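What follows is a single structure, written as structure tokens, with notes after it.
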Amino acid sequence: MGPGRLMCVLVLALVLALGSRPQEQLPRESQNLNWNRFSGFWYILAVASEGHGFLPGRDRRKLGASVVKVHTTGQLKVVLAFSRSQGCRSHTLILRKDRKKATFRNTCAYGGQGPREKDLGVGGVEGFHVLSTDYSYGVVYMRLGRAGRTSRTLLLFSRQNTSSFPSMRKFIDICEILEVAHSVTVLPKDGNRHHGSFCLGQPHARPLSIP
């Protein structure tokens, strides 16, 4: 059994094991989160979303990627990239820190989606929250708004292109609390050879960057 299939089996086992547990309170974003430490390049290893069309077809799924950077005082710049049917598509968010809460919001989301948001499936990102991290992994919660409706999406970030069991367990735990565990998708490390291992090309090249 290959590592990708083994991870899928472990995820299924975790979902079944945790499904009968009483609901817990959603963890809040840490007031002490060090955004400078959280900044940098991340692999996106897993996704759970209420939204339709967030992921491409199964034959085109591969690791996503993100770059996070403190842009200016009170602003966060986030680039997300996923493989789509037309190839790799990236989306850039400029998020502003909430004055009262330890969260960043996309003030442009309420004015309608940009020309590339629909292609990527993350149109109208209203908020970007880090619910759990030790800076080697991160569970990111995004609220997506479109046509007056809001959906929830969780992303598992990792500095490495494989996840550890504790980080995957934390991700599944939070998916259970948000009631999106049924939609958990582990993005395969080894995709179609013609398209490479993930949509940004070779992992060590890290072509996705923020100037």
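Side notes on the structure shown:
- Less than 5 angstrom separates the built amide H of Val180 from none of the residues sequence-distant by 5 or more or on a different chain.
- Between Thr73 and Arg149, the distance separating the two model label sites (each 7 Å from Cα on the Cα→Cβ line) works out to 4.2 nm.
- Remark: spin-label model distance Ser136-Arg37 equals 1.3 nm, labels positioned 7 Å along the Cα→Cβ axis.
- ³J(HN,Hα) computed for each position of region 161-176 - Karplus, 6.51 cos²θ - 1.76 cosθ + 1.60, integer Hz, glycine/proline x: 8, 9, 9, 8, 4, x, 5, 5, 5, 4, 4, 5, 3, 5, 4, 4
Computed from the coordinates by the stated procedures, all read-outs in this text should not be read as laboratory data. Owing to the predicted nature of the structure, the values given are computational and were not obtained by experimental measurement. Methodologically, a virtual Cβ is constructed for each residue, glycine included, from the backbone with ideal geometry; neighbour enumeration extends over all protein chains shown.
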